[in-house]
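Report on one structure; see the data block that follows.
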Amino acid sequence: MVTVISNSSGDQRFSLHRHFRAQLVFASEGVMTVTTAAGTWVVPPQQAVWVPAEVDHEVYSAGPISMRSLYVHPDAAVGLPGECCVMSVQPFLRELIVKVSDLAGRQQLSDSFARLVSVVLDELRELKVAPLHLPLPRDPRLKAVTDSLIAEPGDNRDLTQWGKRAGASARTLARLFRRETGMTFAGWRRRLRLLAAVSRLGAGESVTTVAYDLGYHSPSAFVAMFRRSLGTSPGRYLKG
């Protein structure tokens, strides 16, 4: 296991790449967005994203960020997810990641370091996956809709209106959403708005601004959606 510590005071982008080893990227500060061919994952502060070995991915952060990357050999990744996911990192594991990061740069690594690494892997196998993944479609008609919504998440047009732009009926688009993303149109758009909200709130924007920009009629309606999705209010989630 190798640890890399990265700190940035501005926007940062790691263009499309892959690793022989699996990667755990933990952000102690700032919000990261990880994108693969299968979808997009937004990683809030104090959370982590798991990227399996040999998966092409891009990492982007808007604003200051402090992150640590742990690389896990495929032989040691048994029992860990086979797909990208955001993991809800608890305080104990956060401290372990920091400790391993501090020790990894030393030339002489002790048996205690190996034991720490073993505990980290055990903890990762027990983590819950956070609902911060946005699946991306391949069908060009559906992609025309999702690309437009990603660019403007607050767009409130319904499937009938989108169908006129995409050249497909509302029924066809609804079927494509279920087939290609595993979600309904409403569920996909709600997930998109949740990810956009996490990213923007993590960058310091106010709840009121984010709520109205994302198409909600009131901040309270936005907070209710956020609480249903993540189990707590926006402020508590980002502090937690």
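The values are calculated or read from the model by the stated rules, or taken from the named source; none is laboratory data. Note that the structure is predicted; figures quoted are calculated from it, not measured. FYI the Cβ positions are ideal-geometry reconstructions off the backbone, even for glycines, and counts take in every protein chain you see.
Can you name the residue in the range 96-125 that is at pLDDT 90 or above and among the charged types (D, E, K, R) and, of all such residues, is farthest from V78 (Cα to Cα)?
Once the filter is applied, the top-ranked residue is E123.
Write out, first by first residue and then by second, each pair whose Cβ atoms fall under 7 Å of each other, whose residues are 6+ apart or on separate chains, and whose first residue, in the range 209-230, is on the phi > 0 side of the Ramachandran plot while the second is surrounded by fewer than 17 Cβ atoms within 10 Å (Cβ to Cβ).
G215/G154; G215/D155; G215/N156
For residues that are within 17 Å of V86 (Cβ to Cβ), assigned to a strand (DSSP E or B) and in contact (Cβ under 8 Å) with a residue 40 or more places away in the chain, tally how many sit in the range 45-75.
14
Residue-by-condition table, conditions (1) outside any helix (DSSP H, G or I); (2) among the basic types (K, R):
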{"residue": "S118", "(1), (2)": "no, no"}
{"residue": "L121", "(1), (2)": "no, no"}
{"residue": "L134", "(1), (2)": "yes, no"}
{"residue": "S148", "(1), (2)": "no, no"}
{"residue": "N156", "(1), (2)": "yes, no"}
{"residue": "G163", "(1), (2)": "no, no"}
{"residue": "R179", "(1), (2)": "no, yes"}
{"residue": "L201", "(1), (2)": "no, no"}
{"residue": "A211", "(1), (2)": "no, no"}
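Kindly indicate whether L93 is assigned by TED's automatic domain parsing to the domain that holds P44, under 28 Å from V51 (Cβ atoms), in contact with a helix residue (DSSP H, G or I) (Cβ under 8 Å, 6 or more places away or on another chain) and crowded, with 17+ Cβ neighbours inside 10 Å.
Criteria met by L93.
Looking only at the range 128-154, filter to residues that are in contact (Cβ under 8 Å) with a residue 60 or more places away in the chain and in contact with a Ser or Thr (Cβ under 7 Å, 6 or more places away or on another chain); which one of those is farthest from F226 (Cα to Cα)?
By that ranking, first place goes to L136.
Would you tally the residues in the range 22-44 being in a loop (DSSP other than H, G, I, E, B) and surrounded by fewer than 20 Cβ atoms within 10 Å (Cβ to Cβ)?
2
Is it true that some residue in the range 212-228 is of a type in the set (K, R) and under 30 Å from Q90 (Cα atoms)?
Looking for residues that are of a type in the set (K, R) and under 30 Å from Q90 (Cα atoms), one finds at least one in the range 212-228, hence yes.
Being over 14 Å from L24 (Cα atoms) and under 18 Å from the mean Cα position of the chain (by Cα) is the filter here; which residues of the range 67-103 pass it?
Within the range 67-103, just Q90 meets the criteria.
Go through (1) closer than 30 Å to S69 by Cα; (2) assigned to a helix (DSSP H, G or I); (3) touching a residue at least 24 places away in the same chain (Cβ under 8 Å); (4) not assigned by TED's automatic domain parsing to the domain that holds P64 and name the single condition L173 misses.
(1)
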